[in-house]
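What follows is a short report on a single structure.
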Amino acid sequence: MKNHAVKIAVNPNNSDRLDKDSIYKPALNYSENFCLSSIFDCSREMEEYSGDFDYHSLMHNVQKPVLTANKVGALSLFANKLLLREWTNGLVPIQKTFGFSSLLNDESEVKRLFKIVILKVESREEFIIKPTNGSESIGTLKVFQCKNEYIATFLSAKNSESKYIDALKVVSDYETFKHWVSDDIMGVTSGNIDTHLLHIEPGLIIQELFPHNKEQRGPTEMKFMTAWGELLFVGCRNSHGVCLGSNGEHLEGSQETAIMLQDKFFHKLKKIALSLAKSSTFPNLRFDFFVDIESGEWVLNEIETLADCRSYSNYLLENTGEFYLKGWRNKTYHTFTTPLTTTLLRDRLKNELEK
């Protein structure tokens with residue numbers, strides 16, 4: 001079903017504030033040793049790294065202490081779905097957006113968003129509502145056609161078991177929608193492994209539903225794990241357990257599906273993922289792409305840290321720490337004075353994509 005964008009008045013987000021505040025100080029040029037700002041210097045944590053090379057050891061001994069110590073304001077930029085749009089707009093395909101807001105304390109904004117939802121529901125269009133400061137564990141809701149039925153469902157079991165079990169009522173009754181926003185979007189924060197998400201203002205984003213088998217929880221998703229500007233692995237969700245190596249080699253899961261994902265998407269998305277990683281100058285990021293094998297269509301869904309990928313690959317769990325440690329030994333740190341802005345990030349990304 002084809003979705004049509006709804007013309008709405010968009011409230012300004014906090015991009016102007018980003019241009020004024022010194023959130024994080026990246027290198028202005030990418031170099032072979034992938035220099036990082038001293039604000040993200042994790043040398044002490046790496047020196048004290050226990051020698052265990054597994055994913056969980058990396059998360060608890062290195063990433064969490066570094067994120068906590070640095071207040072992770074910069075990473076909040078990358079994890080924020082609204083600011084992600086500003087950074088990548090026109091450079092990297094992302095999902096079509098029908099409406100969004102991070103001003104949910106204003107009931108007029110909640111009403112405006114609900115009007116957009118109602119237009120979609122009345123015309124029986126497919127769409128998805130996501131929180132801007134978290135993932136499906138907070139409250140992603142999808143509305144779609146399946147077997148001649150119009151269905152609304154939460155992707156999180158927590159929401160499905162709550163008082164909002166009737167997800168269709170959330171997108172058809174204003175009072176239910178308002179209380180859902182107040183209770184589950186404004187009132188819920190992320191777990192301690194996603195420390196950086198605590199710095200993002202709560203908000204909602206209403207987007208097109210990416211093509212996928214509606215009996216699945218969500219689309220096929222290729223998660224490109226990077227560290228120090230290099231690709232570690234690609235964990236693939238809803239893809240028969242597929243995990244690809246840094247050169248696209250099959251590591252786990254269905255070999256047939258791995259070949260299709262490798263042929264249609266791996267090389268182009270690797271280039272984009274590394275361009276995003278190098279332009280951001282952050283030690284480790286995960287770039288999540290929705291892909292549709294049948295049509296070859298793809299979009300960038302979100303950018304995260306390596307956190308919350310523990311369920312996708314035993315190979316990843318066993319080897320991530322070792323790859324990260326080897327990469328760190330070859331990198332150096334410098335102090336920079338130029339503050340991060342979305343404009344700077346766009347310029348850096350454009351240059352990386354053109355190489």
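Full extension from V121 to E175: what is 0.36 nm times the residue separation minus their Cα-Cα distance, to one decimal in nm?
17.8 nm
So for the range 217-354, Kirkwood radius off the Cα pairs, Stokes-Einstein at 4 °C and 1.567 mPa s: how many µm² s⁻¹?
Values: Rh = 15.5 Å.
The diffusion coefficient I find is 83 µm²/s.
Find how much the distance from H56 to I151 grows on full extension, using 0.36 nm per residue of separation minus their present alpha carbon separation; answer in nm with one decimal.
Gain in length upon complete extension: 30.5 nm.
Would you mind checking which residues have amide H under 5 Å from Q95's amide H? H placed 1.01 Å from N; only 5 or more apart, or other chain.
L300
Once the piece of chain linking N351 and E294 is laid out straight, how much longer is it, given 0.36 nm per residue of separation minus the C-alpha distance between them?
Here the segment from N351 to E294 would lengthen by 17.4 nm.
Coordinate-derived values only; no laboratory data. Because the structure is predicted, anything quoted here is derived from the model rather than measured.
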